[in-house]
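Just below is one structure, and these are the notes that go with it.
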Amino acid sequence: MSKGTLQGTNLKKIRKSGFMARIKTKSGRNIIKSKRRKKRKNLGL
């Protein structure tokens, strides 16, 4: 059986789009702010 096309690791996912990755940039902080406004349960990933 062949592998699926969508492969990825959790660590890479977290480093790219986790909470701390968002906080580091100005635009990322805006994303967190908007998620807070929407009262999202998960702000990071």
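Annotations for the structure displayed:
- Residues satisfying the stated conditions in segment 19-36, i.e. among the β-branched types (Val, Ile, Thr) and either surrounded by fewer than 10 Cβ atoms within 10 Å (Cβ to Cβ) or in a helix (DSSP H, G or I) (or both): ILE23, ILE31, ILE32
- Put simply, of LYS39, LYS16, LYS3 the only residue that is part of a helix (DSSP H, G or I) and of a type outside the set (Phe, Trp, Tyr) is LYS16.
- Test result for THR5, β-branched (Val, Ile, Thr) and either at pLDDT below 90 or surrounded by fewer than 10 Cβ atoms within 10 Å (Cβ to Cβ) (or both): yes
The values are calculated or read from the model by the stated rules, or taken from the named source; none is laboratory data. Just so it is clear, the model here is predicted, and its values are computed rather than measured. No Cβ is skipped: glycine too gets one built from the backbone with ideal geometry, and neighbour counts run over all protein chains shown.
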